[in-house]
Amino acid sequence: MLLREVSPMNSDAADSLLLAGDFEVPTDEQWQAEVQKVLNRGRPEGKQLTAEQALARLRTTTVDGLEIEPLYTRENAPEHLGAAGVDPFTRGSVVKDGDPVGWDIRQYHEDPDLAFTKKQIMADIEHGATSLWLRLDPDAIPASALADELSEIILDLAPVSVVSHTDQAAAAQALYDVWKNSGRPLDKLVGNLGIDPFALAALTDQPVDLAPLSEWASRALAEFPVARSLTVDVLPYHEAGAAEVDETAFAIATGIEYLRALEAAGISAADAFGQIAFRLPATTDQFLTIARLRALRRLWARVGEVSGVAADKRGALVHSVTSPRMFTRDDPYVNILRTTIATFSAAVGGSNIVTTLPFDTVVGLPGDFSRRVARNVQVVLSEESNIARVNDPAGGSWYVESLTDQIAQKAWARVQQIEADGGFGQAFSGGAVAAAIEATTTERNTRLANRTQPLTGVSMFPMRDEKPIEARPRPEASHTREQFPLRRDAVIFEALRDRSAAAGNPSVFLAAPGTRRDFAGRLGFAENVELIAGFGIPTTEGTDPATFASEFRASGAKVAVLCSSKGVYVEHALPVAKALKDAGAVKVYLAGSTKELGDQDHTGLVDGTIFAGMDVVTHLNEILDTVEASA
């Protein structure tokens, strides 16, 4: 009887069911009032935050000036979203047709062990990869070996693209020869010859030479009608430290420069558009990655519009690569999580081609296992998560739409400034590009050091007693890049680990006065700070100064950190600090603020503090200076 009474969900009552029907729709003002209430909790009278001040506390700004609001509403999204596959292509340059492989899974190869590389090429194609990307350089795959490496590949089924950090013409010629001699229909061969003069100059510090653009574009147009010859690669700028706005602006400005060069050689804008592919990084900030991809397509469509390109030919072909800058040497398995987020972001953002780099890329040459994991990240996302079946999954999100518009507006203003100053060639050779990247890098390094931009497993939650993974060493690089060096985010922390290892991984003694409920939070905080540099962290709990002194001597440490709460500090901090100093501590730090000591004079007993938002790099280098000076 009960089942019969509640089961008929096809009734009029079921049709009118509203899950939130008993709740009033909150207003923005009500939400702001709640935010203000939470942030003012515990603040004294006279220092209460206004509503705008409270919202400002929740508002963030990226390293290149993008403002992220704490709340987005319908007013932040455009009235009409448009559709995928039509101008201005914000929502994608193609329409997905339900194929579970919704993008080109392009595996990267650069291992100079030719037998290993050939084996891996076949493994990739047999197990889910749909195209290949090879680096042809003296420290990678020789251009002369390309034909043999691809000898078992059916080239009209598996697209091939090449890149070179030293000699793009030789790499292009090698692929050209392979295609010409393949015996396959030339009008079915897809790939990219990899000509990109600005990227080559960024990687080699050589002058920019635009002459190869028209030569290779003309050859491709004449002989390989569906292949492309040119790339606009912003990875060198990203690796050097550029952020989303400049990366987008540099890509568009470079594309404009290439269009001009091709037009001067008699190649139409429509033909030029069909020769250019963009290569962009995909990072762990999924929303910035998604929005940047959408913004770039919108801006490139605008360039096509003013260049007279037909509306259906203005869609940008985008190849996304998981950011080399985000990889870490320490705790490298976390890189699998990073690449998964980045790959997801690239797919949701509408990338036509995606390359997921192996998690041990910065440790050495990737092996079979890490390459398989990289390939499977894409295969699983494409075939099992079903995101490949959806056009623009993030479209309509108030946040994503607003962020897309903000990147597009700021990047377009940057392009206009570059054009007004003489074009990208002038900005590149005159140092404006490098200067902009340097300013962004300085800001990012500040955020990395104070951990407002955290790195999991490196600056946050570092692994204790980590065992490094093994990988074959890379050959010495065959190119220099002084103006645009690779600046991985983790390098400043890896330098601390290396310096600590050279000093024998010294210990920092953690003194925890009181009971666990008094010190647990700050002890955990201090442990994570000191483990960043790989320090040993012997720890003693209690209240007896003599015990702390005895165990400090036994630890062999030169530096100590007091970890507890305000009430305990007033009674026990200075007696314990004095005992530690008498036992030989060169420096004693306090977790928290010296204000928590009350009016007590701590001169000569407490040498500094550690706290959330501190510059941990300066702190850890200070400890290493102390240890080395007292050795």
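Read-outs throughout are calculated quantities, based only on the coordinates presented, and are distinct from any laboratory measurement. Since we're looking at a predicted model, the values are computed, not measured. Cβ atoms come from the backbone with ideal geometry, glycine included; neighbour counts cover every protein chain shown.
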Label point distance in nm, Thr61-Ser593, each placed 7 Å from Cα along Cα→Cβ: 2.4 nm
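Determine the gain in length on full extension of the stretch Arg553-Ala33; use 0.36 nm per residue of separation and subtract their C-alpha separation, reporting nm with one decimal.
Additional length available on full extension: 181.8 nm.
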Relative to the longest principal axis of the C-alpha atoms of the chain, give the angle of the C-alpha long axis of helix 114-126, reported between 0 and 90° and rounded to the nearest 10°. 80 degrees
What do you get for Rg/Rh over region 452-511 if you use C-alpha atoms and the Kirkwood form of Rh? 1.04
Taking K and R as +1 and D and E as -1, what net charge do the other residues with C-beta under 11 Å from the C-beta of Val616 add up to? -2
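Under a point-charge model restricted to the Cβ atoms of Lys and Arg (+1) and Asp and Glu (-1), what is the dipole moment magnitude of region 501-631 relative to its Cα centre, in debye to the nearest 20?
The calculation lands at about 160 debye.
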Given (i) 25.3, 77; (ii) 26.6, 94; (iii) 28.7, 87 as possible values of Rg and Dmax of the Cα atoms in Å, the one from the coordinates is (iii)
Amide H partners (placed H, <5 Å) of Gly536, local residues excluded: Ser507, Val508
Using a 10 Å cut-off around each Cβ, can you sort Thr452, Thr626, Thr254, Thr594 from fewest to most neighbouring Cβ atoms? Thr452, Thr594, Thr626, Thr254
With label points set 7 Å from each Cα along the Cα-to-Cβ direction at Ala170 and Arg41, the distance between them in nm comes to 6.5 nm
Can you give the local net charge around Phe509? Use residues other than it whose beta-carbon is closer than 13 angstrom to its beta-carbon, Lys and Arg +1, Asp and Glu -1. 0
Residue-averaged [θ]222 nm for the chain, counting only DSSP H segments that reach four residues, each worth -39500 (n - 2.57): -13500 deg cm²/dmol
Pop out the ³J(HN,Hα) list for region 522-529 in order, Karplus 6.51 cos²θ - 1.76 cosθ + 1.60 with θ = phi - 60°, rounded to Hz; leave Gly and Pro as x. 6, 5, x, 4, 5, 4, 5, 5
Amide hydrogen neighbours beyond the local backbone of Ser182, cut-off 5 Å, H modeled: none
Backbone HN-Hα couplings from phi across region 538-554 [Karplus 6.51/-1.76/1.60, Hz, Gly and Pro as x]: x, 10, 10, 10, x, 9, 7, x, 5, 5, 4, 5, 5, 6, 5, 4, 5
Quick calc, the chain, dipole around Cα centre from Cβ unit charges on Lys, Arg (+) and Asp, Glu (-), nearest 20 debye, gives 600 debye
If you add up the charges near Thr442, with Lys and Arg at +1 and Asp and Glu at -1, over every other residue whose beta carbon is less than 13 angstrom from its beta carbon, what do you get? 0
Need the C-alpha centroid separation for region 289-358 versus region 494-571, integer Å. 44 Å
Footprinting proxy, His602, His165, His238, His127: sorted fewest to most Cβ within 10 Å, the residues are His127, His602, His165, His238
With x for Gly and Pro, the residue-by-residue ³J(HN,Hα) of region 345-353, computed from phi through the Karplus equation 6.51 cos²θ - 1.76 cosθ + 1.60 at θ = phi - 60° and given in whole Hz, is 5, 4, 5, 5, x, x, 4, 7, 9
Dipole axis of region 421-520 (+1 Lys, Arg; -1 Asp, Glu on Cβ), positive-most option in Ile469, Thr442, Gln426: Ile469
Relative to the compact globular guide of 2.2 N^0.38 Å, what is the alpha carbon radius of gyration of region 463-583, as a ratio? 1.41
For Val232, the residues 5 or more places away or on another chain with a placed amide H closer than 5 Å to its own amide H are Ala277, Phe278, Arg279
Quick one: order Trp179, Trp133 by neighbouring beta-carbon count within 10 Å, fewest to most. Trp179, Trp133
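Which GluC sites (Glu not before Pro) from region 39-118 combine a DSSP loop assignment with at most 13 other Cβ atoms within 10 Å?
Glu45, Glu79
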The farthest towards the positive end of the charge dipole of the chain, of the residues Pro506, Val63, Thr547, given +1 on Cβ of Lys and Arg and -1 on Cβ of Asp and Glu, is Thr547
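Which entries in Lys96/Lys188; Lys96/Lys313; Lys96/Lys119; Lys558/Lys578; Lys96/Lys410; Lys118/Lys180 show an alpha-carbon gap greater than 24 Å?
Values: Lys96/Lys188 21 Å; Lys96/Lys313 17 Å; Lys96/Lys119 32 Å; Lys558/Lys578 14 Å; Lys96/Lys410 29 Å; Lys118/Lys180 20 Å.
Listed pairs above 24 Å: Lys96/Lys119; Lys96/Lys410.
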